[in-house]
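Single-structure report; data block below.
The values are calculated or read from the model by the stated rules, or taken from the named source; none is laboratory data. All of these numbers come straight from a predicted model, not from anything done at the bench. Quick reminder, even Gly has a Cβ in these numbers, built from the backbone with ideal geometry, and neighbours come from all protein chains shown.
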Amino acid sequence: MNPIPEFPVIFVTKADYELSSNEVMGSKYKFWFQHEQLGRCLYKQARQQNLGEDWAEKVASELSELLGLPHATYHLAETWEGNRGVVSANFLPPGGTLVHGNEILTPVVPNYPTSATYGVSQHTIDIVVQVIEALDVGLPIAWTPPSGIQKAVEVFVGYLLLDAWIGNGDRHHENWGFVRKKVASTETIHLAPTYDHASCLGRDLLDEQRQKRSVEAYANKCYSAFYNSVEDKKPLKTFDVFHRVAFLYPQAAHIWLDRLDRISTANTHLIFNRIDKLRISTVAIEFAQKILSVNQNRLLDLRKSLQ
């Protein structure tokens, strides 16, 4: 029996960085470069090399694939200096631009704090789903939806299920958006694939902390970047965000929950086993697997109360 191959690691050269230095947003920590096979790619360096941003982003990408969600594809990467990170190919089509959530909400919500990232209480889950509904946003480009998923907001329900499953607290208003596609004089707007999930699966903990923490307690404290109302001081938890939209869109919630139900512990363990053990410890794998199990069971229990 052949061993399971590890995920390939893309080597980012000094020449890649130097050729990209004139790019907007160029820095050692995040820059665009041209990859021979993948085309235009974004390299993102893990800000702290021992805190798992790279493997968390890769695992979340693979879990998105298991769910059948449209998602940015992430590859593990290493630079000429030995730094770890991820590489993702540009998901925009020719003539496409990415419009972030803050740009979408600013014309709609009075006094919206466009330039802020965290602690934006105007970023309520209700206003976000209302805007996706109202603007007649198309499905993600070049993606085939599951039977029963017909609207962009129903796809977004799947993104929020992913967040609740992995404990992703980073879907702030720059981590979701629309793709504006312009061909000749025709312009269409589509929901962007899900992207940027590195803040998940307990990757922010050290192994000594993981060994002392209750997984259930940790999973129950995963806050989202969505608020219930402008007056609230704290955002909603990731589970509560999905819980809310599940009752607004029960059919879509059932479809994504059924997808989740078909994913086994063996499926997820296979993903972790394909990561180089220099990047992720056995303790980190066990902790992340337990988070997935706890959250999966809790999410599937919701089906009893949905219409």
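What to note about this one:
- Positions within the range 69-107 being touching a helix residue (DSSP H, G or I) at 6+ places or on another chain (Cβ under 8 Å) and of a type in the set (Val, Ile, Thr), in sequence order: 73, 79, 86, 104
- Here residue 74 passes the criteria (1) surrounded by fewer than 19 Cβ atoms within 10 Å (Cβ to Cβ); (2) without any contact (Cβ under 8 Å) to a residue 24 or more places away in the chain; (3) not basic (Lys, Arg) except the one numbered (1).
- One residue stands out in the range 256-279 among those that are at pLDDT 95 or above and not in a helix (DSSP H, G or I): the one that is surrounded by the most Cβ atoms within 10 Å (Cβ to Cβ), namely 275.
- If the condition is being out of contact with any strand residue (DSSP E or B) (no Cβ under 6 Å at 6 or more places or on another chain) and surrounded by fewer than 24 Cβ atoms within 10 Å (Cβ to Cβ), then the range 163-175 contributes 170, 172, 175.
- Residues of the range 27-72 satisfying the condition of being under 11 Å from the mean Cα position of the chain (by Cα), farther than 24 Å from residue 278 by Cβ and not in a loop (DSSP other than H, G, I, E, B): 64, 71
- Considering the range 231-251, and only residues there that are hydrophobic (A, V, I, L, M, F, W, C) and more than 19 Å from the chain's Cα centre (by Cα), the residue that is farthest from residue 128 (Cα to Cα) turns out to be 247.
- Filter result for residue 184 (among the aliphatic types (A, V, I, L, M), surrounded by fewer than 20 Cβ atoms within 10 Å (Cβ to Cβ) and within 17 Å of residue 292 (Cα to Cα)): no
- Any hit, the range 202-219, residues being under 30 Å from residue 138 (Cβ atoms), in the same structural domain as residue 291 (by TED's automatic domain parsing) and aliphatic (A, V, I, L, M): no
- Taken as a whole, the structure leaves residue 92 outside the set of residues that are more than 30 Å from residue 261 (Cβ to Cβ), at pLDDT 90 or above, within 22 Å of the chain's Cα centre (by Cα) and assigned to a strand (DSSP E or B).
- Residues located in the range 223-235, provided they are closer than 17 Å to residue 105 by Cα and crowded, with 18+ Cβ neighbours inside 10 Å: 225, 226, 227
- Answer residue from the range 206-222, given it is farther than 25 Å from residue 176 by Cα and surrounded by 18 or more Cβ atoms within 10 Å (Cβ to Cβ) and is farthest from the chain's Cα centre (by Cα) among those: 210
- Residue within the range 135-147 that is loosely packed, with under 14 Cβ neighbours inside 10 Å, assigned to a loop (DSSP other than H, G, I, E, B) and of a type in the set (D, E, K, R) present: yes
- Scanning the range 117-134 for residues that are closer than 14 Å to residue 234 by Cβ, in contact with a Lys or Arg (Cβ under 9 Å, 6 or more places away or on another chain) and not in a loop (DSSP other than H, G, I, E, B) yields one hit, 125.
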